[in-house]
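Some notes on the structure that comes next.
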Amino acid sequence: GNSMSAQFTQLTSDLWVTQSALFATNSGVFLFGDEACLIDPGIAPETIQDIARFVDEQGATPRAIVVTHAHWDHVMGPEHFPGVPVIAHADYLRVLREHGADLYRQIDAWEAQARIRRPRPFLLPKPTYTFDSALSLTLGDARLRMFHAPGHTLDQCVVYHDEGRTLWAADILSDIEIPLVYSLSAYEHTLARLATLDIQALVPGHGVPTTDAREIQRRLAADRAYLAELRARVAAAVTAGQTLEETIAACADIPMPCPCDDPTPHTWNVESAYAELGGQLEELVGWE
């Protein structure tokens, strides 16, 4: 391909990763013999086509696509792989019902700005299979397990490969984004669960994949510490009857798990935790 074609990095004996320029978004190809499982395959059409070509060059056939959650930058790939089963968490359908119009708006805006011309209108992918808590997928002689991992979104799932002790973490455990909290208690529960897994290779939805065991533990500990501090300070503020503004001020100096120039995500997190822990809100000004 030309110099713009996607670069594929082999992270383990079975997992290849490529990264989109947009939000440093990772896409994965698990290869087991001549069968492939694609994770969040690409955003821009060229990247998605590069993924299809890469699988073909490996002499493999895509057998499944996992969509980790219904955020717009994770759902663009499946339309380029007609007939390949799509797996998502059961709550993915609920998120599409409640936020589908927002997703279409975000996609339209991005495609207009990226000057992407499409032959037919984009349709959000409909899952072929959904699951509630966990799902096992056998490819060749290997097994991938999908777990519900809510907290960043209602519907997020992660993918774990036992033999490779590999975790595809979707939008958590990033080295470039602080946790983005939709539900604080769900997020804490998810991280506690993931901390029980043997993880030797980690891929975040955005940022740098790693096979450094110490770095993997550092990310887990840093994100859990951030959420614990967020909970403690917001709970204290709610108990003291503080307003959202006072609570945001009281949380301003919480240490961040990774450098974060933009204060907005942290402010959203405080607001989300404030509502969840019983703070009195006029209305949510932030996000889903």
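So the values come out like this:
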{"quantity": "Matching residues in the range 153-196 - criterion: being touching a residue at least 60 places away in the same chain (Cβ under 8 Å), under 18 Å from residue 267 (Cα atoms) and hydrophobic (A, V, I, L, M, F, W, C)", "calculated": "176, 178, 180, 181, 184"}
{"quantity": "Residue pairs meeting the criteria (Cβ under 8 Å; at least 6 apart or on separate chains; first on the phi > 0 side of the Ramachandran plot, in the range 53-68; second surrounded by fewer than 18 Cβ atoms within 10 Å (Cβ to Cβ) and not in a strand (DSSP E or B))", "calculated": "59/34"}
{"quantity": "Boolean, residue 190 is among the hydroxyl-bearing types (Ser, Thr, Tyr) and buried (at least 18 other Cβ atoms within 10 Å of the Cβ)", "calculated": "yes"}
{"quantity": "Sole residue being over 30 Å from residue 250 (Cβ atoms), assigned to a loop (DSSP other than H, G, I, E, B) and open to solvent by less than 50 Å² (accessible area, probe 1.4 Å), chosen from 197, 144, 137", "calculated": "197"}
{"quantity": "Any hit, the range 162-175, residues being of a type outside the set (Ser, Thr, Tyr), surrounded by fewer than 21 Cβ atoms within 10 Å (Cβ to Cβ) and outside any loop (DSSP other than H, G, I, E, B)", "calculated": "no"}
{"quantity": "Counted residues, the range 106-131 - those being surrounded by 12 or more Cβ atoms within 10 Å (Cβ to Cβ) and without any contact (Cβ under 8 Å) to a residue 24 or more places away in the chain", "calculated": "2"}
{"quantity": "Filtered residues of the range 200-235 (kept if touching a helix residue (DSSP H, G or I) at 6+ places or on another chain (Cβ under 9 Å), small (Gly, Ala, Ser) and either open to solvent by 60 Å² or more (accessible area, probe 1.4 Å) or under 26 Å from residue 69 (Cβ atoms) (or both))", "calculated": "201, 205, 207, 228"}
{"quantity": "Output for the range 13-43, where each listed residue is surrounded by 19 or more Cβ atoms within 10 Å (Cβ to Cβ) and of a type in the set (Gly, Ala, Ser)", "calculated": "20, 27, 28, 36, 42"}
{"quantity": "Positions within the range 151-178 being among the small types (Gly, Ala, Ser) and touching a helix residue (DSSP H, G or I) at 6+ places or on another chain (Cβ under 7 Å), in sequence order", "calculated": "151"}
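The values are calculated or read from the model by the stated rules, or taken from the named source; none is laboratory data. Please read these numbers as outputs of a predicted model, since none were measured by experiment. Note: ideal-geometry Cβ built from the backbone for every residue, glycine included; neighbour counts use all protein chains shown. Heads up: the accessible areas ignore ligands, DNA and RNA and are worked out on the full protein's heavy atoms, side chains in. Shrake-Rupley method; radii C 1.70, N 1.55, O 1.52, S 1.80 Å.
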